[in-house]
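A short reminder: the numbers here are calculations on the coordinates, not readings from a lab. All of these numbers come straight from a predicted model, not from anything done at the bench. As a convention, Cβ positions derive from the backbone with ideal geometry for all residues, glycine included, and neighbour counts pool all protein chains shown.
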Amino acid sequence: MRFSYRIDDDVELSLAEVRHAEEVYQLVKDNYDYLRQWLPWLDEDYALEHARDVIKQNLLNLSENKGFSMRILFQKRMAGNISYNFIDWRHRRTEIGYWLAAPFQGKGIMTKACRALIDNAFHEMKLNRVEICCVVENKRSRMIPERLGFTLEGVLRQGEWLHDSFHDLAVYSTLASEWRDKDSPSKTR
């Protein structure tokens, strides 16, 4: 299966496939210290097989219509990942998760990628709610939903175990009706 979405001349989203496992693994390893601060799944024993297993699980989720994961490409180079962590069809909601390697930050890449998935969630999938959860101390990650006009709903106290301690999670959301009322998000791509 092939799926890609060009956002602009520099940024593209592409379905993560097993054949991309080595590329994913290498990017994570090259940015290990930076990414490990915020990603609970990034353990000391992270290996190529872990990248393969995650991609396989994401492809299974896609086949079962439960979510999917996309590589974020910047100028044709893998820069990070973005996903619908789950899709709750009954309540018409999803959660977006993401990570971006350090060299690609500060270029608006993640904001564009999130905007594309949010547009898709509301316009194509007809969902009603999109959530983004971020570790409270991760200011860069929190800037994304804030920049996109999400509402901070609150904090899940000690909501995530991050390697050796619990961390609070900031919970953000936006609704289909709020997204439609914004100044044409697709025009800012």
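Test of understanding: what is the full-extension gain from ASP30 to LEU175, defined as 0.36 nm times their sequence separation minus their Cα-Cα distance?
Working: separation 145, 0.36 × 145 = 52.20 nm, distance 3.62 nm.
Length difference between fully extended and current span is 48.6 nm.
Once label points are set 7 Å from the Cα along Cα→Cβ at both VAL18 and LYS66, what is their separation, rounded to one decimal in nm?
It is 1.8 nm.
Using 5 Å bins from zero, what percent of all Cα-Cα pairs in region 4-188 falls into each bin?
Bin by bin from 0 Å, the calculated values are 1, 8, 16, 20, 22, 19, 10, 3, 0, 0.
Mean projection of the alpha-carbon convex hull of region 104-189 over all orientations, in nm²?
Numbers: hull surface 24.9 nm².
Mean projected area for region 104-189: 6.2 nm², to one decimal.
Mind grabbing the base-10 log of I(q)/I(0) for region 76-132 at q = 0.19, 0.21, 0.22, 0.23 Å⁻¹? Debye formula, identical points on the C-alpha positions, no solvent, two decimal places.
Computed log10 I(q)/I(0) values: -0.66, -0.77, -0.82, -0.87.
Treating cross-link reach as a plain straight distance, find the lysines whose alpha-carbon is under 21 Å from the alpha-carbon of LYS182, omitting any fewer than eight places away in the same chain.
LYS112, LYS126
Based on alpha-carbon centroids, what's the gap between region 130-152 and region 8-76 in Å, whole number please?
Here the answer is 21 Å between Cα centres.
Under a Cβ-only charge scheme (Lys and Arg +1, Asp and Glu -1), can you give me the dipole magnitude of the chain about the Cα centre, in debye to the nearest 20?
Values: 28 positive and 29 negative charges, 153 e Å.
With Lys and Arg at +1 and Asp and Glu at -1, about 740 debye.
If I stretch the segment between ARG92 and ASP8 completely, what's the gain in nm (0.36 nm per residue apart, minus their alpha carbon distance), one decimal? Spell out each step's value before the answer.
Details: separation 84, 0.36 × 84 = 30.24 nm, distance 2.82 nm.
Gain on stretching ARG92 to ASP8: 27.4 nm.
Among TYR25, TYR98, TYR84, determine the one that fluctuates most according to a GNM of the chain built with springs between C-alpha atoms less than 10 Å apart.
Judging by the Gaussian network model, the answer is TYR25.
Which GluC sites (Glu not before Pro) does region 2-45 hold that lie in a coil by DSSP with at most 12 other beta carbons within 10 Å?
Working: sites: GLU12, GLU17, GLU22, GLU23, GLU44; in loops: GLU17, GLU44.
Here the GluC sites (Glu not before Pro) that fit, given the DSSP loop and packing criteria, are GLU44.
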